[in-house]
Amino acid sequence: MKIGILGAGQLGRMMAISGYPLNHQFGFSGNTNDEPASLLGHMFALEDNAENIESLVAFADVITYESENTDVEIVKEINKDIPVYPGEKSLFTTQHRGREKALFDQLNIPCAPYQMVNSLADLTKAVSDIGLPAILKTATEGYDGKGQFLIRHTDQIKEAFDSMQGVESILEGFVNFKRELSLIAVRGIDNDHKYYPLVENTHHNGILRLTIAPAQTIDPKVQETAEHYMQTLLDEMGHVGVLTIELFETENGLVVNEMAPRVHNSGHWSIEGAHTSQFENHIRAISGMPLGDTSPTHAFSAMINIIGKIGPTDLVLNMANASLHLYDKTERENRKLGHINIIANSQVQLDTSIQQLKDFLPN
């Protein structure tokens, strides 16, 4: 099958790498011919982006995308000719935080209290209703901590509002949590569902730096609850492909923070750490193939993001239980350049391996 991907970054790159052994072909619509996925298939990157998309549609049997910031109107147009997975409803919902939260409310999925903000008066009222601390976020776009302002005191209200630069925003109540978790699942065209184990995520300056998989000391009922929330969302949106939800583990149970209709940074561990990676399962789902086994291959796995500078990669290559994944990107502050996956048979081995790779983690 010929699979077209809107975007040509590292997620498209890893989807293609996982899909070629399944006898698929890949094409990408990107901005330039030197993006991470550009050498892994047919690359459509002319100055006229509309022509790129037309060429991609002419090439492909099915289309998917890398980002929830993909233009919904483009997906609507493509879907008149060939299927796009995940579908329009998933994309429309997940690219706007207000629509996400409204869906969580509709499905009785716990989330932080929130109010939409379009003016300074809106923000002042929202702060009064929700209380502080609270986080003001752009309603659309924004990732890796961008487009956010943590308000701790009322004298920060105007500064927070000004930082949004006039775009529609959402104020969310601050959630006191024990740790940050995420759940990745995949739903096939035939409505088959598969779930990966909950993983624990550590962020620094809003960017994911370390994932531990599976998250340790998770009560099976917590995994069941997360899967219930996920299944409800998958089915309500008619989602096909991988879906990710980010959650807070609190004293009162799980609180869902946000979701992404795509393969996700917190699932990169699955390349070596699960029987079927999130990337392969996404490709299986959108191409109508049976979904693969999502269970871990080892008792412990971890993923370390390589951010800004590539660092001492020989150290990784000399470790028997570590795998290096670079994305063919130039170094730049806060840019995701690659990741390292670790597999381990014990907590001690995992901790020792992470300590060996401490140069890749923030101090």
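Data table
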| item | result |
| --- | --- |
| Excluding exposed DSSP-loop trypsin sites (Lys or Arg not before Pro) (at most 11 other C-beta within 10 Å), longest clean stretch of the chain | 179-331 |
| Beta bridges by DSSP in the chain, antiparallel share as percent, to the nearest 5 | 80 percent |
| Structure-based [θ]222 nm, the chain - -39500 (n - 2.57) summed over DSSP H runs of at least 4, per residue, nearest 500 | -8500 deg cm²/dmol |
| Filtered GluC sites (Glu not before Pro), region 35-98: DSSP coil and at most 16 other beta carbons within 10 Å | Glu47 |
| Of every Cα-Cα pair in region 22-119, the percent that sits beyond 16 Å | 64 percent |
| Globularity index of region 232-348, i.e. its alpha-carbon radius of gyration over 2.2 N^0.38 Å | 1.21 |
| Cβ-derived FRET efficiency at R0 30 Å, Asn108 paired with Asp155, nearest 0.05 | 0.25 |
| For the chain, radius of gyration divided by Kirkwood radius, i.e. Rg to Rh on alpha-carbons | 0.96 |
| When each of Lys76/Lys194; Lys309/Lys329; Lys146/Lys178; Lys101/Lys137 is checked by Cα-Cα distance, pairs over 19 Å | Lys76/Lys194; Lys146/Lys178 |
| Per residue, in Å², the accessible surface of the chain once ligands and nucleic acids are set aside, probe 1.4 Å | 44 Å² |
| At q = 0.11, 0.13, 0.18, 0.22 Å⁻¹, base-10 log of I(q)/I(0) for region 155-242 (Debye sum, equal scatterers on each alpha carbon) | -0.49, -0.65, -0.96, -1.09 |
| Whole-Å semi-axes of region 195-246's equivalent ellipsoid (Cα gyration tensor) | 22, 16, 8 |
| Region 254-317: relative contact order as a whole-number percent, Cα under 8 Å and 6+ apart | 28 percent |
| Inter-label distance, nm, simple model (7 Å from Cα along the C-beta direction), His275/Ile82 | 3.1 nm |
| Estimated FRET transfer efficiency when R0 is 56 angstrom, pair Asp34-His228 (beta carbons, to 0.05) | 0.80 |
| Most mobile of Ser38, Ser277, Ser128 in a GNM of the chain (Cα contacts under 10 Å) | Ser128 |
| Kirkwood Rh, Cα atoms: Rg over Rh of region 100-184 | 0.96 |
| Extended-chain gain in nm, criterion 0.36 nm per residue less alpha-carbon gap, Arg179 and Leu324 | 49.5 nm |
| Where labels lie 7 Å past Cα in the beta-carbon direction, separation of Leu22 and Ala50 in nm | 3.3 nm |
| Surface share of carbon and sulfur [accessible, 1.4 angstrom probe, percent] for the chain | 47 percent |
| Charge sum, other residues only, whose C-beta stays under 14 Å from Glu77's C-beta, Lys/Arg counted +1 and Asp/Glu -1 | -4 |
| Dipole magnitude of the chain, debye to nearest 20 (Cβ charges: Lys/Arg +1, Asp/Glu -1, about Cα centre) | 560 debye |
| Accessible surface ranking that places the most exposed of Val222, Val62 first, with a 1.4 angstrom probe | Val222, Val62 |
| Surrounding net charge for Ile304, when Lys and Arg each add one and Asp and Glu each subtract one, Cβ distance under 11 Å | +1 |
| 19 Å Cα-Cα reach of Lys2 towards lysines, excluding residues that sit fewer than 8 places from it in its own chain | Lys80 |
| The chain: relative contact order in percent, alpha carbon pairs under 8 Å with at least 6 residues between | 14 percent |
| Candidates per GluC sites (Glu not before Pro) in region 215-314, loop by DSSP, up to 14 other Cβ within 10 Å | Glu251 |
| Orientation-averaged projected area, Cα convex hull of region 312-363 (nm²) | 4.0 nm² |
| Choice from Val175, Val199, Val75 with maximal GNM fluctuation in the chain (Cα, 10 Å cutoff) | Val175 |
| Potential extension, His203-Asp314 segment - 0.36 nm per residue separation minus Cα distance | 37.5 nm |
| GNM top mover of Val186, Val240, Val255 - the chain, alpha-carbon springs below 10 Å | Val255 |
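The values are calculated or read from the model by the stated rules, or taken from the named source; none is laboratory data. Source: prediction; values computed, not measured. In this analysis, Cβ positions are derived from the backbone assuming ideal geometry, glycine residues included, and neighbour counts consider all displayed protein chains. Side chains are part of the model used for accessible areas, which takes the heavy atoms of the whole protein and leaves out ligands, DNA and RNA. Shrake-Rupley method; radii C 1.70, N 1.55, O 1.52, S 1.80 Å.
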